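Written out below as structure tokens is the structure these notes cover.
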Amino acid sequence: MKHSGLRKPFVLSALCAAMLMPAVSAWAVTDQEILDDVKSTNQIVTNGMGLQGQRYSTLDILNTDNIKDLRPVWAMSFGGEKQRGQQAQPMIKDGVMYVTASYSRVFAVDARTGKELWQYDARLPDDIRPCCDVINRGVALYGDLVIFGTLDAKLVALNKDTGKVVWRKSVADHKAGYSITAAPLVINGKLITGVSGGEFGVVGKIEAYDPKNGALLWTRPTVEGHMGYVYKDGKKIENGISGGEAGKTWPGDLWKTGGAAPWLGGYYDPETNLLLFGTGNPAPWNSHLRPGDNLFSSSRLALNPDDGSIQWHFQTTPHDGWDFDGVNELVSFNYQDGGKTVQAAATADRNGFFYVLDRTNGKFIRGFPFVDKITWAKGLDKNGRPIYIDDNRPGSPSAAEKGKSVFSAPAFLGAKNWMPMAYSQDTGLFYVPSNEWGMDIWNEDIAYKKGAAYLGAGFTIRPLNEDYIGVLRAIDPKTGKEVWRQKNYAPLWGGVMTTKGNLVFTGTPEGFLKAFNAKTGENVWEFQTGSGVLGSPVTWEMDGEQYVSVLSGWGGAVPLWGGEVAKRVKNFNQGGMLWTFKLPKDLVAKR
Ligand code: CA
């Protein structure tokens, strides 16, 4: 209990103490509750609805038989003149919902009524440098703190009752292009965060902080050659384990501005005690300036949570030349193969391939395309390395002229971007929000300048089909087979959730929250929220009823970077709403 005002012994009777203590201890989010989040249905205290990020709920009160009666209970506006993209996943603890909104805002909301309890607005400087809209993807809960990252690259811990700042810590220099948009992760008393900024030539890093006071515990840069450190008893100890060799996979000094930003955060697998993070593109985009694999860009990394040392890495796009960030979530799951359990992890990459890895060692098990058109590679070799089609790499520029332009699919916004997929423990399928698009891309001359865009490339994104871009796909990770697909006119940009009620939920830029039959793909329910749905839906149980919540508010990277696609969706309205749904009580009683 941290409220000093309530700790005066001469006013606090034993009776008061007895009444106060249970309420406080009941709230405080513990390490055990975070580990158990995947099993508990009455609260959501992790991003991903469980540390492995499966976004699967064991609730089946709501199911394919009764979903047609799902109704809104309340909606709440984030208000303000500034709206833009809303991409967070709500968290729920003891009847209170904690969400972030655009422009680094946090809201605490009564989950039963939608009444706002408090709001925190980070005072952002004028010179923030978010590459891809002023979004945020959610909070972490720990003890009595609500913790999130800001667009000026700070971590802020708020008191869960008042929204008042308990501690604030700068993670990196926003003037160099750093920002934070991902939800932090708490595991075994450590708060883990990545950083954004690969488009500005930052050096990506993953760091652990003490969630109680913001003290730095370890730092692990994600560009090969940079040293990692552990901080202990006021001492800084070198931790070079698997940090690699400076200049080995990078020419000259380019590793000093190498990008590889782990901007989407990560997950944790309790079975192997590994943090699983992805890293973004190498900087600059013009690949001719940096011959080599450019580790650890466009990779998945497994880290020891105690010291940040890299246990293994798997690079999806070595020597990336298309902005194929490798940040997309690596979701742990187990499956049976010939009577033995395989501890696997799957990821659907920006580059168009779906990968299944052995998560104990990062070894490639299998991979396959999950979109219809891939122009830059013929396929994957036996180690999962792409077999490049050299003619389809954008050409090298000269000082005077831009390089040869090529048409590439997928577009740099990815066969799948940030929006998390879901894995059903019932069907054994992944539900992947994907997009079918391509781009004209060419390289240009570029030099690094602190805080300036560091691309060395130009591009125009184009749809591949007249009638759709988005495709929600059900994919069997054991065979690579697409079990069903549902097309959408606009590109999909929202998270996915699946439930034991045989349901899959996701949103569309057109404003619908939709539900599908997990086995067949049939669209069984939809609701118009008034603006594009880019958030990640959640479900939980309260007072014996099953609730569903999602954020609505169009924005994100597509309207900013989408070229011809942005024109297609230019009339979509912005918003900023939090919607909550449930079945009417009398209907549930009759089921
Ligand atoms: Ca990027």
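Values quoted throughout were computed directly from the atomic coordinates according to the rules given, and no laboratory measurement underlies them. In this text, all values refer to a predicted model and were calculated from it rather than measured experimentally. FYI the Cβ positions are ideal-geometry reconstructions off the backbone, even for glycines, and counts take in every protein chain you see.
Of note:
- Spatially close lysines, pair count over the stretch 333-452: Cα under 25 Å, gap of eight or more or interchain: 14
- Dipole magnitude for the stretch 470-541: computed about the Cα centre from +1 point charges on Lys and Arg Cβ and -1 point charges on Asp and Glu Cβ, it is near 280 debye.
- Theoretical FRET efficiency, 1/(1+(r/R0)^6), r = Cβ-Cβ of Glu401 and Lys378, R0 25 Å, to 0.05: 0.30
- Applying D = kT/(6 pi eta Rh) to the stretch 314-445, where Rh is the Kirkwood radius over alpha-carbon pairs, T corresponds to 4 °C and eta to 1.567 mPa s, the Stokes-Einstein value obtained is 82 µm²/s.
- The count of lysine pairs in the stretch 191-256 whose Cα atoms are under 17 Å apart, excluding pairs fewer than 8 places apart on the same chain, comes to 4.
- Sum of -39500 (n - 2.57) over DSSP H runs of 4+, divided by residues of the chain (222 nm, nearest 500): -1500 deg cm²/dmol
- Separation of the Asp127 and Tyr388 label points, Cα + 7 Å toward Cβ, nm: 3.7
- Placing pseudo-labels 7 Å out from each Cα toward the beta carbon at Thr272 and Gln336 gives an inter-label distance of 2.2 nm.
- Taking Cα centre as origin and charging only the Cβ of basic (Lys, Arg, +1) and acidic (Asp, Glu, -1) residues, the dipole magnitude of the chain rounds to 560 debye.
- The alpha-carbon atoms of the stretch 218-271, seen along their principal axes, cover 35, 28, 19 angstrom, with the largest extent given first.
- Number of Lys-Lys pairs in the stretch 474-570 with C-alpha atoms under 30 Å apart and a separation of 8 or more places or on different chains: 16.
- Within the shell of other residues whose beta carbon sits under 10 angstrom from the beta carbon of Tyr547, the net charge comes to -1, with Lys and Arg scored +1 and Asp and Glu -1.
- Pair Lys175, Arg71: separation of 7 Å Cα→Cβ label points (nm): 5.6
- Whole-number percent relative contact order across the chain, with pairs defined as alpha carbons under 8 Å at least 6 apart: 14
- Mean projected area (nm²) of the alpha-carbon convex hull when the chain is viewed from all directions: 27.3
- Measuring nothing but how far apart in sequence close Cα pairs (under 8 Å, 6+ apart) lie, relative to its length, the stretch 142-240 scores a relative contact order of 17 percent.
- Alpha carbon centroid spacing (whole Å) that separates the stretch 134-178 from the stretch 60-125: 18
- Dipole size of the stretch 402-530 about its Cα centre, with +1 on Lys/Arg Cβ and -1 on Asp/Glu Cβ: approximately 360 debye, rounded to the nearest 20.
- Net +/- balance of residues flanking Thr316 in space, Cβ distance below 10 Å, scoring K and R +1, D and E -1: 0
- Distance from the stretch 258-303 to the stretch 532-591 (C-alpha centre basis), Å: 30
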